[in-house]
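A.B. asks: Take a look at this one; I'll ask things after.
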Amino acid sequence: MSTARHVATIDLLCARSFPAERAASEVGTSGPGYHLAELASGESFWEDDGTRRAQDAEQYEAECAALASVLAASWGEPQLVSLWSTRVRAAEGEDIPEPWRELSAGVGYVHLWRTGGRWVAVGVSHQGEEHPFQLLAAVTEIDPA
């Protein structure tokens with residue numbers, strides 16, 4: 001994983017306009033008012049005894065913290081925002097706007113900044129015991145849900 005590459009991707013998304021319709025991009029998905037990027041993704045854990053999963057969890061959290069530290073040097077300290085209540089509200093049928101709905105499905109909390117009139121969030125997603133970890137970034141004009 002390369003923190004410099006992740007910062008470059010986030011900078012690109014911060015400068016990019018939002019599409020009128022949801023569509024795939026070279027780094028993830030974009031839609032009205034947001035970009036969501038998969039900065040890094042690991043391997044699944046179907047054959048793991050739990051050892052590699054624990055190592056990957058530590059690695060992805062460290063990479064996220066390093067990325068947040070670099071971004072904080074430019075934008076100031078982030079807010080640490082739990083997405084737990086967003087996930088619960090979505091599960092109860094509330095209409096949660098993207099990218100917050102997708103983020104909350106697997107990300108427990110995000111490092112969040114407000115810069116240039118947009119929200120920037122980074123976090124680690126893990127959607128189940130066998131599924132890989134992902135380092136995700138969102139750039140959006142939609143207030144956190």
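The values are calculated or read from the model by the stated rules, or taken from the named source; none is laboratory data. Remember, predicted model here, so these are calculated numbers, not experimental data. Note that we place each Cβ from the backbone using ideal geometry, even for glycine, and neighbour counts take in every protein chain shown. For the accessible areas, the whole protein counts, side chains as well, though only heavy atoms, and no ligand, DNA or RNA atoms are used. Shrake-Rupley method; radii C 1.70, N 1.55, O 1.52, S 1.80 Å.
A.B. asks: Output the number of residues of the stretch 1-27 satisfying the condition of being of a type outside the set (K, R) and in contact with a Pro (Cβ under 9 Å, 6 or more places away or on another chain).
C.D. replies: 5
A.B. asks: State all residues of the stretch 74-99 that are in a strand (DSSP E or B) and of a type outside the set (A, V, I, L, M, F, W, C); if no residue qualifies, say none.
C.D. replies: Result: Q79, S82.
A.B. asks: If E141 satisfies all but one of (1) surrounded by 16 or more Cβ atoms within 10 Å (Cβ to Cβ); (2) touching a Lys or Arg at 6+ places or on another chain (Cβ under 7 Å), what's the number of the condition it fails?
C.D. replies: (1)
A.B. asks: Please enumerate the residues belonging to the stretch 1-40 that are under 12 Å from the mean Cα position of the chain (by Cα) and open to solvent by 40 Å² or more (accessible area, probe 1.4 Å).
C.D. replies: E38
A.B. asks: Restricting attention to the stretch 120-136, does a residue exist that is more than 18 Å from G33 (Cβ to Cβ), modelled with pLDDT under 95, part of a loop (DSSP other than H, G, I, E, B) and open to solvent by less than 30 Å² (accessible area, probe 1.4 Å)?
C.D. replies: Within the stretch 120-136, one or more residues are more than 18 Å from G33 (Cβ to Cβ), modelled with pLDDT under 95, part of a loop (DSSP other than H, G, I, E, B) and open to solvent by less than 30 Å² (accessible area, probe 1.4 Å).
A.B. asks: With respect to the numbered conditions (1) free of Cβ contacts under 8 Å to residues at least 12 places away in the same chain; (2) more than 19 Å from T9 (Cα to Cα), which one is the sole condition not fulfilled by R114?
C.D. replies: Every listed condition holds for R114 apart from (2).
A.B. asks: Identify, please: which residue in the stretch 92-107 is modelled with pLDDT of 95 or more and among the small types (G, A, S) and is, among those, nearest to L135 (Cα to Cα)?
C.D. replies: So, considering only residues that are modelled with pLDDT of 95 or more and among the small types (G, A, S), the one nearest to L135 (Cα to Cα) is S104.
A.B. asks: Those residues that are β-branched (V, I, T) and surrounded by fewer than 17 Cβ atoms within 10 Å (Cβ to Cβ), I need them from the stretch 92-119; list them, please.
C.D. replies: T115
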